[in-house]
1. I'd like to verify a number: residues in the range B:80-104 that are farther than 18 Å from residue B:42 by Cα and either exposed (fewer than 15 other Cβ atoms within 10 Å of the Cβ) or more than 19 Å from the chain's Cα centre (by Cα) (or both), how many?
2. Looking at (1) surrounded by fewer than 21 Cβ atoms within 10 Å (Cβ to Cβ); (2) assigned to a helix (DSSP H, G or I); (3) not charged (D, E, K, R), find the lone condition where residue B:238 falls short.
3. On the given criteria, is residue B:151 among the basic types (Lys, Arg), within 9 Å of chain A (Cβ to nearest Cβ) and over 13 Å from the mean Cα position of the chain (by Cα)?
4. Being acidic (Asp, Glu) and part of a helix (DSSP H, G or I) is the filter here, so list the residues in the range B:241-271 that pass it.
5. Pick out the one residue from A:192, A:198 that is at pLDDT 95 or above, more than 17 Å from residue A:47 (Cα to Cα) and buried (at least 20 other Cβ atoms within 10 Å of the Cβ).
6. Here are B:173, B:206: which of them is surrounded by fewer than 20 Cβ atoms within 10 Å (Cβ to Cβ), within 14 Å of chain A (Cβ to nearest Cβ), in contact with an Asp or Glu (Cβ under 9 Å, 6 or more places away or on another chain) and in contact (Cβ under 8 Å) with a residue 12 or more places away in the chain?
7. Would you tally the residues in the range B:202-223 being part of a helix (DSSP H, G or I) and under 19 Å from residue B:49 (Cβ atoms)?
8. Failed condition for residue B:77, given (1) modelled with pLDDT of 95 or more; (2) over 19 Å from residue B:223 (Cβ atoms); (3) not small (Gly, Ala, Ser), with all others met?
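The values are calculated or read from the model by the stated rules, or taken from the named source; none is laboratory data. Just so it is clear, the model here is predicted, and its values are computed rather than measured. All Cβ positions, glycine included, derive from the backbone under ideal geometry; neighbour counts span all protein chains shown.
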Amino acid sequence: MADASLQGKLIEFKGASLAVMTAYVRETDAVRLADALHMMLGGMPDFFAGEPAILDFSQLGNSPDRVDWTAVLSLLRRYQLQPVGVRNLDEHLQEGARRAGLAVLRAESFSAERPVAAAQPRTPPPAPAPAPAPTLSPTPVEAAPQAPAAAPSDNGLAPTLVVDRPLRSGQQVYAKGGDLVLLAGMSPGSEIIADGSIHCYGPLRGRALAGARGDTSARIFSTNFGPELVSIAGVYRTFERGIPQTVAGRGAQVRLTGSDNLHTLEITPLQYD
Amino acid sequence: MARVIVITSGKGGVGKTTTSASISTGLALRGFKTAVIDFDVGLRNLDLIMGCERRVVYDLINVVNGEANLNQALIKDKHCDNLFILPASQTRDKDALTEEGVEKVLKDLEHLGFDYILCDSPAGIERGAVMALTFADEAIVVSNPEVSSVRDSDRILGILQSKSRRAIEGREPVKEHLLVTRYSPKRVEDGEMLSYKDVQELLRIPLIGVIPESDDVLQASNQGTPAIHLKDSDVATAYLDVVARFLDEDRPLRFVAYEKPGLLKRLFGGK
């Protein structure tokens, strides 16, 4: 028998703030969006691990009459992204968004946006190991990849994720919001993803994806270069014809050059003796 | 304290059961009370390799389900007093294996005074293989000097590091050993086969031994005798070396260098 004094308290409403990711959606056609997502995320299911996101339509390339919300939302959910609201959406589309279960957010609801690490050019740390950071063993591939739970520091950077054991085939590590350091290399068939840069001491033999949220200044560094695939901010390259002689098995770095629509990956040897 | 050792590989057909039979025999011959358990439910073959297939009454699943106790299921090896075999079920499937059941069996074996418990893992990375490695203190990862075997061994190492109890509970990690089997120094010399050093460089775990390719292995399994019993066989010697190294004794690596046979041998049928 519930206590009389508790009757009104079966559910309580309090204010809370939530740091949430914004996804700038530039295309509403689900098919083209699916292609773009597949290219960027290499077909990794569960990439976002259930993270909530605001869909921002301020950068929409065209002005559609209607949006197939069911298709778009199910596409995003397939990558385990949880859209919770929309903003900067044309008025005639807002009713459809509401019916699809999304909150239509007003610009005033948002506090000043913190520049996410991705937006700022970040200089890579010097070659010796960066400052000590939480060390994590690679998580099993069945579980969603985790990043350290430590709160981001004031400038919006997350601590560097350091993996101190060899990464084995089938394992996957994701450094959310920061850099990733591998101290013992990775095997073919494994996968490393970082929102920032990747620093691999030891053989780089699997798939390495840096700048996963679009940071075009992210780089990939390795002391022994031999990957299956490298990608920076979604621009990727495989090595069917073998690794170029100048960098195979040696110290090398991968960076993105060129401007907005003409990015290419440049792989150069590192001289550090 | 009983030491649980899993013999695993990922890839099938590389020599796990052959190795389980020989190493458990080797340890028993050294005086340790040893049990070897077949985790390949539904496709059992440890009992064939050990030559006790006609003495199987109860099996691992019977014990897990409480239908028989360990003493009824354990089969005493015909060659070796200290060695006992717990066969797998042939009629059930691996869903009958439960983690609690396996844990209880291992605890009961410890109470019976066993020094070493070897778990012969099935191939693959599914339930049977994961059950076999869950409670391991040490692992012998068997790999052929061949690319797909190495890749699968790497995969099973990753699973060992994430799904074993030691990993989940954050205790000291499972001690890993690499055993390269079916090695042919001539083919390595000819550039057809990976060398044991290549395999070790790719897998980056300590090497416990190299077993040469040999017709003796087939002969041994047909006879129902673990290969380590075959006197004067290179395979037997190599397994004895592995057991010695496992017990922290130094043994130089044998059977890894190719010696070109002399002219006469080549003329009259040497390999």
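1. 4
2. Exception for residue B:238: condition (1).
3. Criteria met by residue B:151.
4. Across the range B:241-271, the qualifying residue is only B:241.
5. A:198
6. Selected residue: B:206, the only one of B:173, B:206 that is surrounded by fewer than 20 Cβ atoms within 10 Å (Cβ to Cβ), within 14 Å of chain A (Cβ to nearest Cβ), in contact with an Asp or Glu (Cβ under 9 Å, 6 or more places away or on another chain) and in contact (Cβ under 8 Å) with a residue 12 or more places away in the chain.
7. Here the count works out to 8.
8. Tallying (1) modelled with pLDDT of 95 or more; (2) over 19 Å from residue B:223 (Cβ atoms); (3) not small (Gly, Ala, Ser), residue B:77 fails exactly one: (2).
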